[in-house]
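Everything below concerns the one structure shown next.
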Amino acid sequence: MKRYWSLLFVSFFVSFTFAQKLEKGTNYHIVVVGFWNVENLYDTIDDPKKDDQEFLPNGTNLWNTSRYLRKLDHLAEVIKQMGEEFTPDGPAVLGMCEIENINVLKDLAKQEKIANRNYQAILIEGPDARGVDPALMYNPKYFKPEKSVSYHVKLVTDSAHKTRDILVVYGKLLGEPFAFLVNHWPSRRGGEEASRPNRIAAAKIARHIADSITASNPNIKIMIMGDYNDDPINESIKKYIRTYDDLKRTRDDEFFNPMEKLYKKGIGTLAYQDQWNLFDQILINKPLLPSDYSTLQYFDVKIFNKPFVRNDFGNFRGYPFRTIVGGNYQGGYSDHFAVYVGLARKVKK
């Protein structure tokens, strides 16, 4: 049986600065879709096909079973709480990155804190030298996958170096056709300007994928999510994905970026040298924009930055509470905060 939640349950959330107003006294199906760079989710087993030496018991990070299990427990705690303001079921769909293999996601799904949700996982092994890939976890009560494919991204500045693929998952979310593009774009290694062509190359591929999907089905709902290693105002996002931040100016051929106004307010998902960035973003196409809520439509955006996932001491106070820093075990969660959006659909009487 599909669950729905009264507006009374979510009313204190829709008053948030960037939230859309829902009708009082109306019941809605509420669905949460999130993304999280979980920072190096490796097991402790040596994979000769991957550069995973740092994350072995005798590696520089001394990555043992105890630390691995604690990492899984920490991730499960965040996933459990993510979106609980909207629905106790949490994320129906969660894009992730820095995942070593499908087995670590299966281990994560079995964690006691979220085991009752029966999360399933999709990951396609890619060419990244470190062996980490984007992935998708989903609650089968909400999402029914139909097809998954991946697309290579080639670095412009160093064609010999292999980077992460773009994962594309098609399916039905509460019966509605969706396509999720999960990204982890090339880093800023060597400097933002010098590495910019690599992220522009990734943006062009992501946009091409989205355009091809729309050409086949103009009404399909598309969410492009990921760690872009760029902020909402950077060229790769604004010019090449083609995004905007004002819902009053909806555009058929562009993507609404609910994170852009958050960024302009100084809110971020990671910090470096006392500078906040908002690399983690969820972009949505026009069929997801709020109107009459007769279908699933956007109504709110959140960054999961509760106190327990923030560092509370030293020079990095307020930063994301990391698992490992420079080879030193911290016992935290991730170097990125998770992000998520709320979708709503009126319950038919």
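The values are calculated or read from the model by the stated rules, or taken from the named source; none is laboratory data. As the structure is a prediction and not an experimental result, all values here were calculated from the model. Ideal geometry is used to build each Cβ from the backbone, glycine not excepted, and the neighbour counts take in all protein chains shown.
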Study note, to complete from the structure: In the set P134, P145, P177, the lone residue that is closer than 19 Å to W36 by Cα and either in a strand (DSSP E or B) or under 20 Å from the mean Cα position of the chain (by Cα) (or both) is P134
Point to revise | Among residues of the stretch 197-234, those that are crowded, with 20+ Cβ neighbours inside 10 Å and of a type in the set (D, E, K, R), counted | key: 5
Revision key, fill the gap. Residue hits (the stretch 207-230; over 19 Å from E176 (Cβ atoms) and either of a type in the set (F, W, Y) or in contact (Cβ under 8 Å) with a residue 60 or more places away in the chain (or both)) are G226, D227, Y228
Exercise for review: Find all pairs meeting these conditions: Cβ atoms under 9 angstrom apart; at least six residues apart or on different chains; first residue within the stretch 120-149 and basic (K, R); second residue loosely packed, with under 15 Cβ neighbours inside 10 Å and at pLDDT 95 or above.
Suggested key: K141/N118; K144/K172; K144/G175
**Study point:** Contacts under 8 angstrom Cβ, first residue in the stretch 92-105 being crowded, with 22+ Cβ neighbours inside 10 Å, partner among the basic types (K, R) and outside any strand (DSSP E or B), 6 or more apart
**Key:** A92/K141; C97/R164; E100/K50
Revision key, fill the gap. Restricted to the stretch 249-283 and to residues being aromatic (F, W, Y) and modelled with pLDDT of 95 or more, the residue nearest to Q297 (Cα to Cα) is F256
Check your understanding: Which number in (1) in contact with a Leu (Cβ under 9 Å, 6 or more places away or on another chain); (2) assigned to a loop (DSSP other than H, G, I, E, B); (3) surrounded by 18 or more Cβ atoms within 10 Å (Cβ to Cβ); (4) of a type in the set (V, I, T) marks the one condition that V38 misses?
Key -> (2)
Check your understanding: If a residue has to be free of Cβ contacts under 8 Å to residues at least 24 places away in the same chain and under 17 Å from the mean Cα position of the chain (by Cα) to count, how many in the stretch 67-91 make the cut?
Key -> 1
Point to revise | Spans of strands (runs of 3 or more DSSP E) in the stretch 259-349 with at least 2 residues touching a residue at least 24 places away in the same chain (Cβ under 8 Å) and either buried (at least 21 other Cβ atoms within 10 Å of the Cβ) or not polar (S, T, N, Q) (or both) | key: 270-272, 280-284, 297-304, 338-346
Check your understanding: Within the stretch 135-150, is even one residue surrounded by 23 or more Cβ atoms within 10 Å (Cβ to Cβ), modelled with pLDDT of 95 or more, in contact with a Gly (Cβ under 6 Å, 6 or more places away or on another chain) and not aromatic (F, W, Y)?
Key -> yes
Review point. Condition test on K80, is it charged (D, E, K, R), part of a helix (DSSP H, G or I) and crowded, with 22+ Cβ neighbours inside 10 Å?
Key: no
Point to revise | Lone unmet requirement of (1) under 22 Å from the mean Cα position of the chain (by Cα); (2) under 28 Å from D300 (Cα atoms); (3) of a type outside the set (D, E) for Y28 | key: (1)
